[in-house]
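Here the structure is laid out as structure tokens; the discussion comes afterwards.
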Amino acid sequence: MSVYIFEENIDKMGGVERIVSLLANNLSSFYDVNVISLKKTKKEEFFDYKDTVKRIYIDEHNYLSGWHNNKNVLKKRIYSLYYRINNFFLKTKKKQIFNKINEKDILIFGRVQVAIKWMPYLKKNYKIIIRDANHYYCNNIKEKKIITELLCDYTNLLIVSSDESKKVYEKVLSKNRPLIKKIYNPLGIVPSNLYNYNEKKIVAVGRFDKQKAFDVLIKAFSNVHKKHADWRLEIVGCEKMYFTDLIKKLHLDEVVSFRGEEKDIKKALYNSSLYVMTSRYEGYANSLVEAISCGIPSISFNWLLGVEEIISNHQNGEIVFLKDRFKYAAGVNDEDDIKNLSQTICFLIENKKIMDSYSKKGLEICKTRDKDKIIDCWKRELE
């Protein structure tokens, strides 16, 4: 039996990409594992893979990927021609993948959106497992229709990461729904206590994306800085150029810093005093789990869906409840949310004993995210 894991782009930095590499590496000790990536944009994958894991890229020559929105008319026309020709060859390559798959093999899709892209090649006799990485509410109208009317007819198992998400899918997939199970993502690091209040450093981790709402974080930190000028903010995985104007406008040049992509998350978290997450939605929030597992007191909005299964409010961290989490997920900022986040950050800064308590309590999350236990859960589903 072979296992095929499908993802959009395995060579970039991201939570799903990290989990795909973890699953592939650990399952390769028991199965013939093939990772299929729709795109290739770098020479090497960001996360390491064992030699036993086969990686196949569908589009290995994605040279003109940025030209489709280019203002230059000639470049747009060149891209349009390139896309049509390239798409013909990609369809052929996709068919070749499925010619190798038989009924005993198992197909795992890293996220729902990837499964939708492969739908024309799926058959109902395949054993198909789909991970929900964004939650149902975060799909567009077309994607929701495909999920509820078509995709789940092909799916044997839908993996979710929270009880809240499970309830949503049980409601919207009332007819012919697949089995829905909650399985947490495995912890990809060996935790160690990296919390250091005296460093006075707030850290956040994530790529540049509107989903991460780092603009909201910077605005909230601006309010914090007025009361606690000796504290600073560091954002890991994102480049400063996206927020240069905002930082200058708020006069934060000296206290807000950026670090590029970082493989070693513990290195990024080292000597941190507080972790803050301002995401609009999250499939699972791996970086938040990793920060808490390293004993770093954490604050997060109650994004869609499931932060309560990572942060136990007032026990191992603080949850800032959004005025309207659905509007926030859609990209709408509310000044009250920014104000409440600022106040919560200041509250913890001013209460070191509470932060110390959250640090100790946070280490307990490792019990429910133990990698070996979660890989065993996956193995049982593949048998």
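Values for this structure:
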{"quantity": "Matching option when the condition is open to solvent by less than 50 Å² (accessible area, probe 1.4 Å), assigned to a strand (DSSP E or B) and modelled with pLDDT of 95 or more, among GLU290, GLU318", "calculated": "GLU318"}
{"quantity": "Check on GLY331, at positive phi and surrounded by 14 or more Cβ atoms within 10 Å (Cβ to Cβ)", "calculated": "no"}
{"quantity": "Members of the range 324-338 that are within 23 Å of the chain's Cα centre (by Cα), outside any helix (DSSP H, G or I) and either without any contact (Cβ under 8 Å) to a residue 40 or more places away in the chain or under 16 Å from HIS135 (Cβ atoms) (or both)", "calculated": "ASP324, ALA330, GLY331, VAL332"}
{"quantity": "When residues of the range 86-105 are limited to those that are open to solvent by 90 Å² or more (accessible area, probe 1.4 Å) and part of a helix (DSSP H, G or I), the one farthest from TYR31 (Cα to Cα)", "calculated": "PHE88"}
{"quantity": "Among the candidates LYS266, LYS353, LYS360, LYS367, residue that is among the basic types (Lys, Arg), on the phi < 0 side of the Ramachandran plot and under 20 Å from the mean Cα position of the chain (by Cα)", "calculated": "LYS266"}
{"quantity": "Residue under evaluation ILE247, criteria (1) assigned to a helix (DSSP H, G or I); (2) more than 24 Å from SER359 (Cα to Cα); (3) open to solvent by 10 Å² or more (accessible area, probe 1.4 Å); (4) not charged (D, E, K, R), criterion not met", "calculated": "(3)"}
{"quantity": "In the range 339-377, the residues that are open to solvent by less than 80 Å² (accessible area, probe 1.4 Å) and part of a loop (DSSP other than H, G, I, E, B)", "calculated": "ASN351, THR368, ARG369, ASP370"}
{"quantity": "GLU170 being at pLDDT 90 or above, farther than 22 Å from GLY110 by Cα and among the charged types (D, E, K, R)", "calculated": "no"}
{"quantity": "Residue in the range 30-50 that is modelled with the highest pLDDT, counting only those that are within 20 Å of ILE97 (Cα to Cα) and among the charged types (D, E, K, R)", "calculated": "ASP32"}
{"quantity": "For TYR284: the one exception among (1) out of contact with any Ser or Thr (no Cβ under 7 Å at 6 or more places or on another chain); (2) open to solvent by 10 Å² or more (accessible area, probe 1.4 Å); (3) not in a strand (DSSP E or B)", "calculated": "(1)"}
{"quantity": "Options VAL276, VAL255, VAL307: the member that is open to solvent by 10 Å² or more (accessible area, probe 1.4 Å), of a type in the set (A, V, I, L, M, F, W, C) and touching a strand residue (DSSP E or B) at 6+ places or on another chain (Cβ under 7 Å)", "calculated": "VAL255"}
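The values are calculated or read from the model by the stated rules, or taken from the named source; none is laboratory data. Just so it is clear, the model here is predicted, and its values are computed rather than measured. Note: ideal-geometry Cβ built from the backbone for every residue, glycine included; neighbour counts use all protein chains shown. These area figures cover heavy atoms from the full protein model, side chains too; ligands, DNA and RNA do not enter into them. Shrake-Rupley method; radii C 1.70, N 1.55, O 1.52, S 1.80 Å.
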